[in-house]
Amino acid sequence: MPRPFLLGIDAGTSLVKAVVFDHQGHEVGLARARVPIETVRKNWAEEDMEQVWEAVKETIRMCLQENKIAASDIAGIGVTGQGDGCRLIDRRLRPVRKSILWIDGRAGEIITAWEKAGLGRAGFDISGSAVFSGAPAAILEWLRRHEPDCLKEAAHFLFAKDWIKLQLIGEIATDASDASRAPFDIRKGGYSADLFEMLGLSEFQPLFPKIRPSIEVIGEVTRAAARETGLRAGTPVINGMIDVVACGVGVGAVNHGQAYSIVGTTCFNGVIMDRVDLEPAGIGMTLAYAFANQILRAMPSLAGTPNLDWFVEQFCGPEKAQAAQDKQALFKLLEEEVRKVPVGCEGLVYHPYINPGGERAPFVKPSATAQFFGLSLNHSRWHLLRAVYEGVVLSMLDCYEHIPIPMSKLMLCGGGAQSPLWCQIIADATGKSVQIPSGSELGALGASMMTALATGIYQDIREAVDRAVKITSVFAPNPENNQLYRKLYRLYQSLYEHAWDDWDRRARLLSEMETPAG
C-alpha cells in the first residue's frame, strides 16, 4: 500500500510554498513563506539563494507540523519553480552571487543590440522563443561584461527548482522545460551549441546542468536535508519542471489542442502541441512540455491583474471602505455594478498595456501603454471598469489568435480565475468552454501528480488527471456575445496598430520632458 501523501514544492518569484496532497489531489496541508526581492539598483531584481532554501525548509516543517503529517507518510516529492534568471554556484556547490531573477531588466541594452544585429530572430528559429532581458543568455552576457570574476568562479548554472533539489538530494540536474529557456534547440530537445556560439556564449555552455526527464526520480532526500526539513531520509524526489508547465499539468492540460491561461500579475496563455510549429515567427515562447514529444506554444502577455488593481486603487475608494478590507467582498460589490454595463461597454475599448515593460506577446513593444478609446458623456466609471475586464480578455484572445492551432477547450487558473464575471467574459470572447479546477496551488499539484506517476501511484497521465484534477466550474460561451466580442477584437487590434508609432513618439517625448533644460 503506497504511503498516503505527496509533497509539492513551488518556488515562485517572491513566495515559496510547500503543499501536501493526498492521492485524490486534495490539499491536506499548505505553508507559505515570502522571500524578499532585492532591487538595489534601477531595473535590478535579485534574491538571496540561501534565503530561498531557508524558506523551503520553513514551509516544509510548518506544513508537516501544523497538519500533523508524519514524514514517513510522504511517498515522494515534486519541485517546481520560476523560470529564467540566473543562479551560479561554485565547485563547493555554494552560491557565487545572489540569483538574478526573470523580472530583472539590467540586460535591456544587450537585447536591443542583439535584435539590431538580427540575433533575436535567428535565435528564435532555433529555440522557438523570443529572447528578453531576464533570460539566461542575456544575463550571462551582462555578467561577462560587468562581473567577469563571478563567471570565472562559477562551476554550475541552475534554475530555481534545481537549486532546491540540490539541497534536498545533493545532485545537479534539470529538465527540458526549464532548459528550454537557455540557448536551446526546441526541435532536437537539447542545448544548442550553434545558438550558444551565435550569441558569443560558447564558453558558458558547460555550466548548464544535464537534462533528464521531468518525471524521473533523480535522487532521495539526504540525511542532512532530512534533519533540516523534518522529511524522512530516503524519500524519492523527481526532477520536476518549470512552474508554468507544472500549472498546465495541474489543470489537466495534457493533450494536443488543450489550452490554459494563468491569469495573474502577467497573463500566460498556452496551447499543448504534439509537433513543433513556431508560427508566428519571432514572438512568444516555446517550451518542452512535461511529457516526451509534446511542446507548449505560449504567448506570455504582460497584461494581467495589475490593470484591475490600478483601477480599483484609483477609482473605487468608497467601495474599498464599504468592504472594510475584505477583498472578496470588495470584488463581489464591484462586479455587481459591472454586470449592469452591457457587453462592449457601449463602444469603450481599453488596451491593458499598463506594465512598465510595455508588451511582449503577441507582439513585442516596450513603449506600449494602456489607454481607453471611445469615451463619451454616456460612460460611467463602471463602464471603464468593465472595459478593463474586457481589455485584459481581448489581450488573451489576441494571444490565442496568434498561436498556430485552435484550442479545444480552455482551462483557467490564477487570481483572475476566482472571478465568475471574468471567467464568463473569457468564455464569451474566445467562444470556448472555460473550465476552472479546484485548488489554490496548481503548480505544486502538477509537480505532485508527476511524482505520483514516477512512484507508481498512478499508472498513466489519464489516471492522474481523472483522480487529481477536479473541475468545479464550467462557463459556456454565449454565441451572441461571442459575435460582438469578435467585432470588438478587430477594433481593439486596429487601434493598437494605429498607435504603434505614436507609442514611440510618446516615449521620446517623455524622455525629453524628464531631461532638465540646459
Between Lys409 and residues 5 or more places away or on another chain, the pairs with built amide H atoms under 5 Å apart involve Ala259
Going from the fewest other Cβ atoms within 10 Å to the most, one would list Met411, Met396 as Met411, Met396
For the stretch 184-194, what does the Karplus curve 6.51 cos²θ - 1.76 cosθ + 1.60, with θ = phi - 60°, yield as ³J(HN,Hα) per residue in whole Hz, taken in order and with x for Gly and Pro?
9, 9, 5, 6, 8, x, x, 4, 9, 4, 5
Run the helix sum for the chain: -39,500 (n - 2.57) per DSSP H stretch of 4+ residues, divided by residue count, reported at 222 nm to the nearest 500 deg cm²/dmol.
-12000 deg cm²/dmol
Integer Hz, Karplus 6.51/-1.76/1.60 couplings in order for the stretch 115-128, x for Gly and Pro:
5, 4, 7, x, 6, x, 5, 4, x, 4, 4, 9, 8, x
For the stretch 126-269, the dipole about the Cα centre with charges only on Cβ (Lys and Arg +1, Asp and Glu -1), to the nearest 20 debye, works out at 300 debye
The size of the Cβ-based charge dipole (Lys, Arg +1; Asp, Glu -1) of the chain about the Cα centre, to the nearest 20 debye, is 480 debye
Cβ density ranking, 10 Å radius, fewest first, applied to His351, His402, His146, His26 yields His146, His26, His402, His351
Round to a whole angstrom and tell me the spacing of the C-alpha centers of the stretch 5-51 and the stretch 305-360.
28 Å
Longer than 19 Å from Cα to Cα, which of Lys17/Lys161; Lys327/Lys432; Lys68/Lys165; Lys57/Lys161; Lys116/Lys152; Lys17/Lys165 are they? Say none if no pair is.
Lys327/Lys432; Lys68/Lys165; Lys116/Lys152
Can you bin the chain into rounded, prolate or oblate? Criterion: square roots of the alpha carbon gyration tensor eigenvalues sorted a ≥ b ≥ c, rounded for a/c under 1.5, prolate for a/b above b/c, oblate for the rest.
oblate
At a Förster distance of 30 Å, what's the computed FRET efficiency of Met513 paired with Trp310, Cβ-Cβ distance as r, to 0.05?
0.90
Which residues qualify? For Gly76, with a placed amide H closer than 5 Å and at least 5 residues away or on another chain, they are Leu7
5 angstrom amide H check on Val28, placed H, neighbours 5+ away
Val20, Phe21, Asp22
Between Ile457, Val392, Gln418, whose Cα lies farthest towards the positive end of the dipole of the chain when Lys and Arg beta carbons carry +1 and Asp and Glu beta carbons carry -1, centred on the Cα centre?
Ile457
Nearest 20 debye, what's the magnitude of the dipole of the stretch 407-518 about its Cα centre given +1 on Lys and Arg Cβ and -1 on Asp and Glu Cβ?
340 debye
Please list 3J(HN,Hα) in residue order for the stretch 46-61, calculated via the Karplus relation 6.51 cos²θ - 1.76 cosθ + 1.60 where θ = phi - 60°; whole Hz, with x for glycine and proline.
10, 9, 7, 4, 5, 5, 4, 5, 4, 5, 4, 4, 4, 5, 5, 4
Computed over the chain: relative contact order in percent, which uses C-alpha pairs under 8 Å that are six or more apart
15 percent
Find the centroid of the Cα atoms in the stretch 192-215 and in the stretch 440-501, then give the distance between the two in whole Å.
31 Å
For Asp501, Asp84, ascending order of other Cβ atoms within 10 Å (fewest first) is Asp501, Asp84
Run through the stretch 89-180 and list the trypsin sites (Lys or Arg not before Pro) located in a DSSP loop whose Cβ has at most 15 other Cβ atoms within 10 Å.
Arg91, Arg92
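Values in this text are rule-based calculations from the coordinates and carry no lab data. All of these numbers come straight from a predicted model, not from anything done at the bench. Backbone-built Cβ (ideal geometry, glycine too); neighbour counts: all protein chains shown.
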